[in-house]
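Report on the following structure.
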Amino acid sequence: MRAWWSRVRTALTGRRGLNEELSAELAAQLEFEIDENVARGMTVDEAEMAARRRMGNITQIQEHARDAWTFGAAETIAQDLRYGLRSLRRSPGFALVVVLTLALGIGANTAIFSVVNSVLLRPLPYPAADRLIRLAESDPKADGISVTWVNYQHWRNENHSFEEMAGFHTAHLTLTGRGQALLTRAAVVTYEFFGLLGGKPLLGRVAGQPDDSPAAPLTVVLGYQFWVDKLGADSNVVGTAITLNG
């Protein structure tokens, strides 16, 4: 911890003070070695040569000391950044190209990560989402095509692998009779759909088995945001009628 704080102090006070301190300390050490050699009977020149041989390469010692007392990698990055900024300042046109390239690259990476995060990494907002499976039919010329109603009924009647199955078909329906006509995203689903995804109504009820009967009146379950944005969060909407595609 002491060594780490020493590096932090050096980073805050600056490299110039470190260089001066190192130079003074090494000079004092060299002077001490020379005095010791002179005391042993050497001449001043012999004593200095012997002291320098004993201490080794002064420049290398300074570099090792700087690495030990500073954040070497961080300083190298800082030096590279300063050099890069000076180069960009000398070439404004090139600097603009670099900035635009970085902006496009960062923007593209952010967009890709957002898609990957929402589709692959972030769990679906349903209970036991890791146990949900989407089934579809396939053909040598096309994968993931819609399942026919007859085939879905066959799958459901012969199912021995899944706890529950539900059918759905997404669609865009036009809402009329409530001001300006509005194209809205919707889905036609079997009654098991809401139970399968753990959906519970804030008001009223979700679709039940009687709603799948051909003789049953058409039932609509409103999404919360649609209810708030398009119907003003009207709590009396339950039991009323809305017109979709006529």
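Return the residues of the range 180-221 that are in contact with a Gly (Cβ under 9 Å, 6 or more places away or on another chain) and closer than 17 Å to residue 234 by Cα; say none if nothing qualifies.
204, 221
I'd like the residue in the range 207-243 that is more than 39 Å from the chain's Cα centre (by Cα) and closer than 21 Å to residue 179 by Cβ and, out of all such residues, is surrounded by the fewest Cβ atoms within 10 Å (Cβ to Cβ).
Applying the filter and picking the extreme gives 239.
Go through the range 145-163 and give me each residue that's surrounded by 10 or more Cβ atoms within 10 Å (Cβ to Cβ) and either over 18 Å from residue 189 (Cα atoms) or in contact (Cβ under 8 Å) with a residue 12 or more places away in the chain (or both). Spell out the reasoning first.
First, the residues of the range 145-163 that are surrounded by 10 or more Cβ atoms within 10 Å (Cβ to Cβ): 145-149, 151-156, 159, 162.
Scanning the range 145-163 gives 146, 147, 149, 151, 152, 155, 159, 162.
When you scan the range 180-190, how many residues do you find that are assigned to a loop (DSSP other than H, G, I, E, B) and free of Cβ contacts under 8 Å to residues at least 24 places away in the same chain? Before you say what the answer is, go through the steps one by one.
Just the residues of the range 180-190 that are assigned to a loop (DSSP other than H, G, I, E, B), to begin with: 180-181, 190.
In the following step, the residues that additionally are free of Cβ contacts under 8 Å to residues at least 24 places away in the same chain were identified as 180-181.
The total comes to 2.
How many of the residues making up the range 200-246 are assigned to a loop (DSSP other than H, G, I, E, B), within 21 Å of residue 170 (Cβ to Cβ) and of a type in the set (S, T, N, Q)? Talk me through it step by step, then tell me what you get.
Our first condition is that a residue be assigned to a loop (DSSP other than H, G, I, E, B); within the range 200-246, this holds for 200-208, 213-223, 232-242, 245-246.
When the remaining residues are screened for being within 21 Å of residue 170 (Cβ to Cβ), the result is 201, 206-207, 218-223, 242, 245-246.
Okay, now just the ones that are also of a type in the set (S, T, N, Q), so 219, 245.
The qualifying residues number 2.
Taking the stated definitions as given, is residue 150 closer than 25 Å to residue 125 by Cβ and modelled with pLDDT of 90 or more?
no
For the range 133-142, indicate whether the set of residues that are at pLDDT 80 or above, part of a loop (DSSP other than H, G, I, E, B), among the basic types (Lys, Arg) and farther than 30 Å from residue 29 by Cα is non-empty.
The answer is yes; a qualifying residue exists.
When the range 55-91 is examined, which residues are found to be of a type in the set (D, E, K, R) and modelled with pLDDT under 70? Let's see the steps before the verdict.
So in the range 55-91, the residues of a type in the set (D, E, K, R) come out as 63, 66-67, 75, 80, 82, 86, 89-90.
Selection gives 63, 66, 67, 75.
I need the full set of residues from the range 94-143 which are surrounded by 10 or more Cβ atoms within 10 Å (Cβ to Cβ) and in contact with a strand residue (DSSP E or B) (Cβ under 8 Å, 6 or more places away or on another chain), in order please.
Hit for the range 94-143 is 137, nothing else.
Is it true that residue 243 is under 25 Å from residue 153 (Cβ atoms) and out of contact with any Phe, Trp or Tyr (no Cβ under 7 Å at 6 or more places or on another chain)? Show your work before the answer.
Working: under 25 Å from residue 153 (Cβ atoms): no; out of contact with any Phe, Trp or Tyr (no Cβ under 7 Å at 6 or more places or on another chain): yes.
So residue 243 does not fit the description; no.
Somewhere in the range 176-186, is a residue out of contact with any Lys or Arg (no Cβ under 7 Å at 6 or more places or on another chain), closer than 30 Å to residue 129 by Cα and exposed (fewer than 12 other Cβ atoms within 10 Å of the Cβ)?
Yes - at least one qualifying residue is present in the range 176-186.
Evaluate the following for residue 171: is it under 23 Å from residue 245 (Cβ atoms) and exposed (fewer than 13 other Cβ atoms within 10 Å of the Cβ)? Working first, answer last.
On the way: under 23 Å from residue 245 (Cβ atoms): yes; exposed (fewer than 13 other Cβ atoms within 10 Å of the Cβ): yes.
For residue 171, the condition - under 23 Å from residue 245 (Cβ atoms) and exposed (fewer than 13 other Cβ atoms within 10 Å of the Cβ) - is met.
Taking the conditions exactly as written (among the polar types (S, T, N, Q) and in contact (Cβ under 8 Å) with a residue 12 or more places away in the chain), does residue 240 satisfy them or not? Give the steps one after another, and end with the answer.
On the way: among the polar types (S, T, N, Q): yes; in contact (Cβ under 8 Å) with a residue 12 or more places away in the chain: no.
Considered against the rule, which asks whether it is among the polar types (S, T, N, Q) and in contact (Cβ under 8 Å) with a residue 12 or more places away in the chain, residue 240 comes out as no.
Would you confirm whether any residue within the range 167-179 is farther than 24 Å from residue 239 by Cα and in a loop (DSSP other than H, G, I, E, B)?
Yes, the range 167-179 contains a residue that is farther than 24 Å from residue 239 by Cα and in a loop (DSSP other than H, G, I, E, B).
The values are calculated or read from the model by the stated rules, or taken from the named source; none is laboratory data. Not measured: the values here are computed from a predicted model. Note that we place each Cβ from the backbone using ideal geometry, even for glycine, and neighbour counts take in every protein chain shown.
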